[in-house]
Amino acid sequence: MQAAVMPGLASAIGEDDPASYRHHFADINGIRMHYVEAGQGPLLILLHGFPLFWYSWRKQIAPLAAAGYRVVVPDQRGYGQTSRPAAVTDYDITQLVGDVVGLIGALGEKSAILVGWDWGSAVAQYAALLRPDLVRALAMVCVPYNPRGPQLPEKLWQSAFQDKIFYQQYFQEPGKAEREMDGDPRRILRSVFYSLSASAPPAERWRFLLDAGETFTDLITDPAQPPSWLSEAALDHYAAEFTRSGFTGPLNWYRNINRLWEITSFLAGAKIQQAAIFIGGTEDFGNRLNKGAFDALESNVPRLKNKVLIAGAGHMVPEEQPGQFNDLLLDFLRGM
């Protein structure tokens with residue numbers, strides 16, 4: 001299967017006011033999970049990534065609900081209004097998948113289609129592997145499935161990047177990165193979203209390797225105002241939520257990357273058997289990091305229906321190009 005490249009047509013879909021959505025809470029897997037819900041029909045759960053929360057999917061909720069789906073969008077653990085457990089190990093993959101399993105049960109459903117973006121893609125992938133009885137299909141956004149490798153991630157980073165510091169390595173020390181982020185969430189989020197997107201020229205995009213002595217803010221560029229696809233009101237809501245919740249919970253996901261490898265030896269070489277699609281952007285920094293996984297998707301996901309890179313979009317593709325993204329996702333869903 002050849003990767004299709006879609007021409008860029010930005011679209012203003014969605015509603016920026018969080019009060020216009022239906023908000024709910026469920027007590028599951030030892031936490032209280034906040035989620036937004038819209039529509040009726042087959043259950044479709046949208047899983048966000050870093051540093052996002054349910055609101056990041058606002059441009060998808062109404063179109064998917066209008067197409068006949070029960071759309072449920074949680075704040076995953078550590079984010080937004082969902083519980084933020086204290087222990088780092090409370091954020092390992094077994095807990096993240098357990099949250100999805102608990103949510104499906106709390107909703108009174110027997111299965112779901114999962115759509116995961118960034119870290120949410122990894123959660124959707126492991127849920128598909130660990131609970132195939134509950135996951136009917138999945139859409140992977142920006143992060144393709146990559147089977148467990150033979151080497152501990154930390155050792156792999158050291159071997160691959162040598163005297164450079166990979167940003168995920170930088171996140172490992174508790175308290176370090178959040179001290180930089182918690183001080184000015186609005187500026188940090190504005191800079192991250194801009195630097196991860198195609199709105200930034202190449203020289204100002206996310207630089208995923210640091211030199212010794214550099215800090216997280218050296219990876220990103222502050223554009224002084226949000227990119228065109230992100231309103232000031234939307235940025236205000238992002239900033240308010242992270243000001244309240246902080247970045248420690250989200251960063252703890254990264255602090256479980258080595259643990260994820262250590263506890264999943266039984267998944268070495270496992271293939272995802274559900275119907276799936278991959279959607280990314282041509283300008284995503286992750287394309288370089290994940291090229292091998294992207295190229296091998298047809299082998300590792302035998303029922304892959306499509307893999308698409310949307311032209312003129314970066315790692316923020318559901319925000320940057322919602323029209324094309326929604327059309328691709330709905331085409332996949334209709335073809336199941």
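The values are calculated or read from the model by the stated rules, or taken from the named source; none is laboratory data. Just so it is clear, the structure is predicted and the values come from calculations on it, not from any experiment. Heavy atoms of the whole protein, side chains included, go into the accessibility calculation; ligands, DNA and RNA do not. Shrake-Rupley method; radii C 1.70, N 1.55, O 1.52, S 1.80 Å.
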Under 18 Å Cα to Cα from residue 110, which aspartates and glutamates show up? Leave out anything in the same chain fewer than 8 places away. 27, 37, 99, 133
Kindly give Rg over Rh for region 176-277, based on alpha-carbon atoms, with the Kirkwood expression for the hydrodynamic radius. 1.06
Rh_Kirkwood(region 159-207) over Cα pairs, Å, one decimal, evaluates to 12.4
Starting from the coordinates of the alpha-carbon atoms of region 99-193, obtain the Kirkwood hydrodynamic radius over all distinct pairs and give the value in Å to one decimal. 16.2
Any aspartates and glutamates whose Cα falls less than 17 Å from that of residue 305, other than same-chain ones fewer than 8 residues away, would be 295, 327, 331
Any chance you could tell me what percent of the C-alpha pair distances in region 13-61 go past 14 Å? 58
Expressed as a rounded percentage, what relative contact order does region 185-291 have, with Cα pairs under 8 Å and six or more residues apart? 31
Based on the alpha-carbon gyration tensor of the chain, what equivalent-ellipsoid semi-axes (square roots of 5 times the eigenvalues) come out, in whole Å, largest first? 26, 23, 22
Would you work out the relative contact order for region 115-196, in percent, from Cα pairs under 8 angstrom that are 6 or more residues apart? 21
With a probe of 1.4 Å, find how much accessible area region 178-235 has per residue, and write the answer as a whole number in Å². 43
What percent does the relative contact order of the chain come to when contacts are Cα pairs within less than 8 Å and at least six residues apart? 24
The extension gain from residue 20 to residue 265, computed as 0.36 nm times the residue separation minus the Cα-Cα distance, is 83.8 nm
Through the Karplus equation 6.51 cos²θ - 1.76 cosθ + 1.60, θ set to phi - 60°, convert the phi angles of region 250-266 into ³J(HN,Hα) values in whole Hz; use x for Gly and Pro. x, 5, 5, 4, 5, 6, 10, 5, 5, 5, 4, 5, 5, 9, 10, 4, 5
